[in-house]
Amino acid sequence: MNAGIIGVGKYNPEKVLTNADFEKMMDTSDEWIRTRTGIEERRIAADDMETSDMAYEAAVKAVKHAGISAEELDLILVATVTPDQPFPTVSNMLQDRLGAKKAAAMDISAACSGFMYGLATAKQFIETKTYKYVLIVGVEKLSKITNWEDRSTAVLFGDGAGAAVVGPVSEGRGILAFELGSDGSGGKYLYEDKSGHLVMNGREVFKFAVRQMGESSVRVIEKAGVRKEDIDFLIPHQANIRIMESARERLGLPVEKMSKTIHKYGNTSAASIPISLVDELEEGKIKEDDLILMVGFGGGLTWGAVLIRWGR
Ligand SMILES: CC(C)(COP(=O)(O)OP(=O)(O)OC[C@H]1O[C@@H](n2cnc3c(N)ncnc32)[C@H](O)[C@@H]1OP(=O)(O)O)[C@@H](O)C(=O)NCCC(=O)NCCS
């Protein structure tokens, strides 16, 4: 029994905040933001749009795309560090709103790596035949923890949601291998402070990210018994174009084989990989039987890499 992604969906808030908008708000420039991060604009959720509302929009699409009904879901996992409130969880709220009567529900808190943790968790339940269908949503309303006075972090983040239904797929397809990791000693480099603001040591996170993205990619490829040259498409966490490029170069992949959505959405944390997945599928860049490598890192510090043979 193999577990793979059988349906996807996403939600991007309508409101666009451009680099030019930031020039009016603080001492920064479009040129600085573009060259240092690759970001041109990001989406910001309306005040009355909660994390659970964005999760719901993405989830409905993913369930429909999978061709199943919400009642068939066995488990709902929501990866977020910006839940509506500590509890009930976003996954509990989603379970009720979707009418997923038999589904268990829990949130996963692994910052930007959360969607990778979700895929790895879903794989266990499905391949042991404990559950058949698992819904995973990566969703963040980072705008509510952004420190709008801090130019070194405010320009980086955006809001949004990406969802996937994981279920049984045919032999040879689905999640071939994964790696998850944590280095809590680096927690001090990226965290939410007591006033509820995101605090980051950009340089330290940058160094960690470049090292970890490359190393975990190589390890997951080895685990699956494939070669770097076999990778058809790379979906890195969209945090900084320079970090993404270093991962791509380490794998020796051409530019067109890497997903780049950071210019449109900024860093949407747990939502960045599933949102990118949806965009690339819509643009026809991912085909049946392609070997897809997803790799992320984030606060915790955490990381995760997942290798998928695309198709049902
Ligand atoms: C944040 C980040 C873009 C900063 O880029 P950098 O090249 O490392 O820049 P530095 O931190 O060295 O800062 C360089 C200068 O730019 C300034 N600066 C910071 N933000 C700025 C902004 N928005 N506009 C203009 N200048 C800015 C700094 O104040 C600093 O000025 P100084 O040299 O006079 O002190 C980069 O470190 C990064 O992306 N780190 C990883 C972050 C990440 O991925 N986080 C998400 C984890 S999931």
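The values are calculated or read from the model by the stated rules, or taken from the named source; none is laboratory data. In this text the structure is predicted, and so the values were computed from the model without any measurement. All Cβ positions, even for glycine, are placed from backbone atoms using ideal geometry, and neighbour counts span all protein chains on display. Areas reflect the complete protein model, heavy atoms only, side chains present, ligands, DNA and RNA absent. Shrake-Rupley method; radii C 1.70, N 1.55, O 1.52, S 1.80 Å.
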- Taking 0.36 nm per residue of separation and subtracting the Cα-Cα distance, what length does fully extending R211 through H263 add? 16.5 nm
- Mean residue ellipticity at 222 nm from the helices of the chain, using -39,500 (n - 2.57) per DSSP H segment of n ≥ 4 over the full residue count, to the nearest 500 deg cm²/dmol? -10500 deg cm²/dmol
- Sites E31 and E256 - FRET efficiency at Förster radius 22 Å, r taken between beta-carbons, to 0.05: 0.30
- Heavy-atom accessible area of R250 with all protein chains present, probe 1.4 Å, nearest 10 Å²? 110 Å²
- Query: Just the C-alpha atoms of the chain: what Rg/Rh do they give, with Rh taken as the Kirkwood radius?
  - Reply: 0.94
- For the range 284-300, Karplus couplings with θ = phi - 60° (6.51, -1.76, 1.60), whole Hz, Gly/Pro x: x, 7, 10, 10, 3, 6, 5, 9, 10, 10, 10, 9, x, 8, x, x, x
- When the chain is treated as a Gaussian network with springs between alpha carbons less than 10 Å apart, the largest mean-square fluctuation among S182, S29, S52 is found at S29
- Given R₀ = 41 Å, FRET efficiency for D21-M106 by Cβ-Cβ distance, to 0.05? 0.65
- Average accessible area per residue (Å²) across the range 223-312 - probe 1.4 Å, nucleic acids and ligands excluded: 34 Å²
- Task: For the chain, give the percent of accessible area contributed by carbon and sulfur heavy atoms, probe 1.4 Å, rounded to a whole number.
- Result: 49 percent
- Might you work out the accessible area of E256 for me, using a 1.4 Å probe with all protein chains in place, and round it to the nearest 10 Å²? 130 Å²
- Among A62, T89, V169, the residue whose Cα sits farthest towards the positive end of the charge dipole of the chain, when +1 is placed on the Cβ of each Lys and Arg and -1 on the Cβ of each Asp and Glu, is V169
- Task: Distance between Cα centroids, the range 72-121 to the range 231-310: provide it in whole Å.
- Result: 22 Å
- Query: In 10 Å bins starting at 0, how do the alpha-carbon pair distances of the range 2-169 split up by percent?
  - Reply: 11, 37, 29, 16, 7, 0
- Task: Given a cut-off of 19 Å, name the pairs among K141/K188; K207/K285; K15/K285; K141/K207; K257/K287 whose C-alpha atoms lie farther apart than that in the structure shown.
- Result: K141/K188; K207/K285; K15/K285; K141/K207
- Query: If the viscosity is 1.306 mPa s and the temperature 10 °C, what Stokes-Einstein diffusion coefficient in µm²/s follows for the range 117-189 when Rh is the Kirkwood radius over Cα pairs?
  - Reply: 104 µm²/s
- Message: Let me see the P(r) profile for the range 178-312: every Cα-Cα distance counted, bins of 5 Å, each bin given as a percent of all pairs.
- Response: 2, 10, 21, 23, 20, 12, 6, 3, 1, 0
- Message: If you take every residue apart from F206 with its C-beta less than 12 Å away from the C-beta of F206, what net charge results, scoring Lys and Arg +1 and Asp and Glu -1?
- Response: +4
- Message: Please report the accessible area of W32 (heavy atoms, 1.4 Å probe, ligands and nucleic acids excluded) in Å², nearest 10.
- Response: 100 Å²
- Query: About its Cα centre, what dipole magnitude does the chain give when the only charges are +1 on Lys and Arg Cβ and -1 on Asp and Glu Cβ, stated in debye to the nearest 20?
  - Reply: 700 debye
- Please sort through the DSSP H helices of the chain and keep those with an alpha-carbon extent of at least 24 Å along the long axis and a Kyte-Doolittle average not below -0.5. 202-224
- Message: Please check: in the Gaussian network model of the chain (C-alpha springs, under 10 Å), which one of D279, D48, D159 has the largest mean-square fluctuation.
- Response: D48
